[in-house]
Amino acid sequence: MKKEIKSTYKSQDTEEWLDRVFTRPIGYLWAKFFQRLGVHPNVVTVLSMIIGASSALCFAHGSYWTEGIGGLWYNVAGVLLLMWANFYDSADGQLARMTGKKTRLGRILDGAASEVWFIPIYLALVWRFGQTHALWLTLVLLVAVFWSGFHCHAGQCALADYYRQIHLYFLNGKAGSELDTSAQQKLLYDSTPWKGNIVWKAFLKTYVNYTRGQERRTPCFQQLMQRLRARYGTIDAVPQQFRDRFRTLSLPLMPLTNILTFNTRAIVLYTCCLFDLPWLYFVFEIVIMAALCEYMRRRHERMCWELAHDLR
């Protein structure tokens, strides 16, 4: 069983400890279940979005000030629903690797799942806070939510995902990574006709902006890739010695990419909700997570600058 589960990993390098011992084994069982039913991985992703977003209803009513002991059970239900959504988020990728049903739409949906979960949760926490606090404090928290959700959360997850895909790109080559460029996505967007593809075009436009944002934040990595393309053409032609060096330097950053995605964020969210301190979660995200993200970005950029300098 362990070997079968490991075969559904993206790589051992990028797997978080909690995912290996908890999320992936349960996700694998769900993936096997959906495989027997013939369910497409994208359907599992959509189900994870629905379940994760529905947890917001529970977190909204979790205040002990308004619900008494019932608030505890609302919080527990919210935690269980978000965990369930995360199991499905793991299962969709595992199912895609088990069945070979990898699609660009699946990549876009998987990247959007976290925002679909957390945006309604954040708004629910503001509503919950507003039931017991002054209007001006609630408005302050609402501003914090927009900064936390649309700047911090989305930006942190996008950059962490980008660094994981870069690591996989040098580790396994193009076939073993989902690293995309905005130029490629823009070309696909421009070549797709509007007729009969309105929804798909909207997805592609969002993904173009998503990849463009990743590239804007990583100028040294973009310079490194330009020099590698100029010298070798494709990543598969890059000498193994260089790829091994990149992996060695990139590997210590993988735990940070995991911290900045789901598990740490979710554990802090659960704790803050159970202690009825929803505002504390946003302080954590805006201060602690933002600092970790900037530290990760600077280390990665420095690493890429040094590697690009050696290619001169």
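Of the residues screened, Ser191 is not one that is at negative phi and in contact with a helix residue (DSSP H, G or I) (Cβ under 7 Å, 6 or more places away or on another chain). Can you name the residue in region 9-58 that is among the polar types (S, T, N, Q) and closer than 23 Å to Leu256 by Cβ and, of all such residues, is modelled with the highest pLDDT? Per the stated criteria, the residue is Thr23. Of everything listed in (1) without any contact (Cβ under 8 Å) to a residue 24 or more places away in the chain; (2) in contact with a Phe, Trp or Tyr (Cβ under 9 Å, 6 or more places away or on another chain); (3) open to solvent by 20 Å² or more (accessible area, probe 1.4 Å); (4) over 23 Å from Glu15 (Cβ atoms), the single unmet condition for Cys272 is (3). Scanning region 149-180 for residues that are open to solvent by 20 Å² or more (accessible area, probe 1.4 Å) and farther than 26 Å from Met289 by Cα returns Leu171, Asn172, Lys174, Ala175, Gly176. If you go through region 153-161 one residue at a time, do you hit one that is at pLDDT below 90, within 21 Å of Cys273 (Cβ to Cβ), in contact with a Lys or Arg (Cβ under 8 Å, 6 or more places away or on another chain) and not β-branched (Val, Ile, Thr)? Yes, the conditions are met somewhere in region 153-161. Restricting the search to region 173-219, which residues are of a type in the set (Val, Ile, Thr) and either in a loop (DSSP other than H, G, I, E, B) or over 20 Å from Ala113 (Cβ atoms) (or both)? Those that are of a type in the set (Val, Ile, Thr) and either in a loop (DSSP other than H, G, I, E, B) or over 20 Å from Ala113 (Cβ atoms) (or both): Thr181, Thr192, Ile198, Thr218. For Thr132, are the conditions met, namely being at pLDDT below 80, open to solvent by 20 Å² or more (accessible area, probe 1.4 Å) and in contact with a Ser or Thr (Cβ under 7 Å, 6 or more places away or on another chain)? In short, yes. A Cβ distance below 6 Å, combined with a sequence gap of six or more or placement on separate chains, defines the contacts here; from region 283-295, residues that are under 17 Å from Phe146 (Cα atoms) reach residues that are crowded, with 16+ Cβ neighbours inside 10 Å in the pairs Phe284/Val268; Glu285/Ser148; Glu285/Cys152; Ile286/Ser148; Ile286/Cys152; Met289/Gln156; Ala290/Cys152.
Of all residues in region 33-53, those that are exposed (fewer than 15 other Cβ atoms within 10 Å of the Cβ) and either among the small types (Gly, Ala, Ser) or in contact (Cβ under 8 Å) with a residue 40 or more places away in the chain (or both) total 1.
Restricting attention to region 101-122, the residues being crowded, with 22+ Cβ neighbours inside 10 Å and of a type outside the set (A, V, I, L, M) number 4. On the stretch given as region 220-250, residues that are surrounded by 13 or more Cβ atoms within 10 Å (Cβ to Cβ) and either over 22 Å from Thr181 (Cα atoms) or among the charged types (D, E, K, R) (or both) total 6. Considering region 66-100, the residues that are more than 20 Å from the chain's Cα centre (by Cα) and under 28 Å from Trp200 (Cα atoms) include one that is surrounded by the fewest Cβ atoms within 10 Å (Cβ to Cβ), namely Gly100. In region 278-297, of all residues being open to solvent by 60 Å² or more (accessible area, probe 1.4 Å) and among the aromatic types (Phe, Trp, Tyr), the one that is farthest from Val126 (Cα to Cα) corresponds to Tyr295. Looking across region 204-214 at every residue that is surrounded by fewer than 17 Cβ atoms within 10 Å (Cβ to Cβ) and not polar (S, T, N, Q), the one that is farthest from Val238 (Cα to Cα) is identified as Lys205. For region 135-148, a tally of residues being touching a residue at least 24 places away in the same chain (Cβ under 8 Å) and open to solvent by 20 Å² or more (accessible area, probe 1.4 Å) returns 2.
Can you name the residue in region 219-248 that is β-branched (Val, Ile, Thr) and more than 24 Å from the chain's Cα centre (by Cα) and, of all such residues, is modelled with the lowest pLDDT? Once the filter is applied, the top-ranked residue is Ile235. Among residues of region 226-251 that are within 17 Å of Arg312 (Cα to Cα), those with a beta-carbon under 6 Å from a residue that is surrounded by fewer than 15 Cβ atoms within 10 Å (Cβ to Cβ) and aromatic (Phe, Trp, Tyr) at least six positions away or on a different chain give the pairs Val238/Tyr232.
The values are calculated or read from the model by the stated rules, or taken from the named source; none is laboratory data. This is a predicted model, so every value here is computed, not measured. When we count neighbours, we look across all protein chains shown, and the Cβ atoms used for this are built from the backbone with ideal geometry, even at glycine. To get the accessible areas, we keep the full protein, side chains included, count just its heavy atoms, and leave off ligands, DNA and RNA. Shrake-Rupley method; radii C 1.70, N 1.55, O 1.52, S 1.80 Å.
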